[in-house]
1. With contacts defined as alpha carbon pairs under 8 Å and 6 or more residues apart, what's the relative contact order of the stretch 171-323 in percent?
2. From the backbone phi of the stretch 166-182, what are the Karplus-calculated ³J(HN,Hα) couplings (6.51 cos²θ - 1.76 cosθ + 1.60, θ = phi - 60°) in whole Hz, Gly and Pro given as x?
3. Regarding the stretch 251-330, what's the average projected area of the Cα-atom convex hull, expressed in nm²?
4. Normalising by the residue count of the stretch 96-245, find the relative contact order in percent from Cα pairs under 8 Å and 6+ residues apart.
5. Can you compute 3J(HN,Hα) from phi for each residue in the stretch 288-296, using the Karplus curve 6.51 cos²θ - 1.76 cosθ + 1.60 with θ = phi - 60°, rounded to whole Hz and x for Gly and Pro?
6. ³J(HN,Hα) across the stretch 148-161 via Karplus (A = 6.51, B = -1.76, C = 1.60, θ = phi - 60°), whole Hz, x for Gly/Pro?
7. Taking the Cβ of SER114 as the centre, find all other residues whose Cβ is under 11 Å away and add up their charges (Lys, Arg: +1; Asp, Glu: -1).
8. So what's the gap between the Cα centers of the stretch 296-318 and the stretch 140-177, to the nearest angstrom?
Amino acid sequence: MVWRTAVCGICRMRSALLSPLATGGIQHTCRTFYLPVHPYGRRHVMLAQQRLDFEFRPMTAADVGNAHELSIALKWPHRLEDWAMLQRVAQGFVAVHNGRLIGSAFACHQGEFSTIGLVIVSDDYQGKGIGRKLMELAVGSVAPRTAVLNATLAGAPLYAKMGFVSFGEIQQRQGQAQPPGTTELKAQERCRGLSEADHPRVLELANAGSGMDRSVTLGDVLNNLEHAVGIERDGQLQAFALLRPFGRGLCIGPVVAQSVDQARHMIGELLARVPYAFVRIDIPTDSGLADWLEEAGLKRVDSVTCMSMGAVPQASQGVRQFALITQAIG
């Protein structure tokens, strides 16, 4: 399915039929009108005509390499493997101009919610409505789910105009890991490494902590781990934290726990296993982890605004999510 944008300049037709490729898509009739020669000359007409070549279509696995190159040009930290992971678990859309991939957006469907992420437009094509069109395609794929996202400072105004409302904040923290002091657990609790036998319970906790269905996204994450730890009480897993390759080094997340002390203990265990490695973690600002992570060498480098087009995901079963999988997935 392919969508094309068009702008009519000087025209002698009464109407134009904008048709996608024969494989199917949206067919839209564009009624045109007559314009006099542009008072500012040929350059402005040429700029309008350039927009005729924008193509919007679903992303495929073959696009991952070009999308990765786009993110490198914009100095985003994602590896080729990070792009491939999102392409596997989410529905992606791309913008193309003269065969060049110039933009992307993803909708990751997770139960009653879909997270929108990796909305990128090449610097060479900013201000041409490409980001809005990609967002419209991503949001249009969500129904009947509710769209949620983590907005950068630059993207938030556009998302607000589209009907998204803010409900929280996420801090991006990263740096050279310095193992912090140990946070003690309660007498009946113990921290241990996780195995494949724990995965069903990990998924149950992940769903409860995030308020979303993590069966697809977490299933992929669990296949690419460096370390995984959890807290057990009375023979049952009560909390977990995962460490995996991502971006410039390693990433901690998700982290799901009953209390901030449990979260700190597990994060401390993971950091102790990779001393002085470059580690990233994305946490809710109200998680109670910020100052403690600062002492562990993970400095705040950015923040994003949590936004929703309706209901907000709600944690349950006495646990909450203390660290995200990624900003794009939530």
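1. 39 percent
2. Rounded to whole hertz, the list is 6, 9, x, 9, 10, 9, 8, 10, 7, x, 6, 5, 10, x, x, x, 5.
3. Over all viewing directions, the stretch 251-330 projects a mean Cα-hull area of 5.7 nm².
4. 19 percent
5. x, 9, 4, 5, 5, 5, 4, 5, 8
6. Those phi angles translate into 10, 7, 10, 9, 6, 4, 6, x, 4, x, 4, 5, 4, 5 Hz.
7. -1
8. One Cα centre to the other: 9 Å.
No lab work stands behind these numbers, since they all come straight from the coordinates. Values in this document were obtained by computation on a predicted structure and should not be read as measured data. No Cβ is skipped: glycine too gets one built from the backbone with ideal geometry, and neighbour counts run over all protein chains shown.
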